[in-house]
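*Asks:* Please read through the structure below; I'll follow up with questions.
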Amino acid sequence: MHALVDAAHVDYLHPDSGIAVATSADGEALTKAIFGDRVAWVDWRRPGFQLGLDMPRIKTKNPGTIGAILGGHGITAWGDRRLACCVWLRRPYCLLRVPGRRQ
């Protein structure tokens, strides 16, 4: 996947905050509420080569995105440099500010 996504830097991560969104029953809605159009939601699929082939298409289909939450799994982030990839992942408290979400 890292070599196939058109970005200088691609990370594939499993931070607690990302897994909390990815594994939530309402993960797609949470992704939209937290990140708007900046992060795409990808329904669960088996990790592996096919997912690697799909990620460039997902990035192209969602211009302006900086990454994707992989349903039931983790996060893929992309950018011009490493810091651009990980900065949006350093917002663990954003999960607490979603309107209507039970605290």
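The values are calculated or read from the model by the stated rules, or taken from the named source; none is laboratory data. The structure presented is a predicted model; accordingly, all values stated were derived computationally and were not measured. Every residue, glycine among them, receives a Cβ derived from its backbone with ideal geometry; neighbour counts consider all protein chains shown.
*Asks:* So is residue 7 in contact (Cβ under 8 Å) with a residue 40 or more places away in the chain and closer than 16 Å to residue 66 by Cα or not?
*Replies:* yes
*Asks:* What tally of residues in region 14-44 results from selecting those that are in contact with a Lys or Arg (Cβ under 9 Å, 6 or more places away or on another chain) and of a type in the set (S, T, N, Q)?
*Replies:* 1
*Asks:* I would also like to ask the following. For residue 45, all conditions in the list (1) in contact with a His (Cβ under 6 Å, 6 or more places away or on another chain); (2) in a loop (DSSP other than H, G, I, E, B) hold save one; what is the number of the exception?
*Replies:* For residue 45, the exception is condition (1).
*Asks:* Looking at 89, 70, 83, which one is at pLDDT below 85 and under 10 Å from the mean Cα position of the chain (by Cα)?
*Replies:* 89
To keep it simple, each residue is scored yes or no on (1) touching a residue at least 40 places away in the same chain (Cβ under 8 Å); (2) closer than 12 Å to residue 74 by Cβ.
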position: 19; (1), (2): yes, yes
position: 23; (1), (2): yes, yes
position: 34; (1), (2): yes, no
position: 47; (1), (2): no, yes
position: 55; (1), (2): yes, no
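*Asks:* Go through region 1-25 and report how many residues are surrounded by 13 or more Cβ atoms within 10 Å (Cβ to Cβ) and either in a loop (DSSP other than H, G, I, E, B) or hydroxyl-bearing (Ser, Thr, Tyr) (or both).
*Replies:* Matching residues across region 1-25 total 10.
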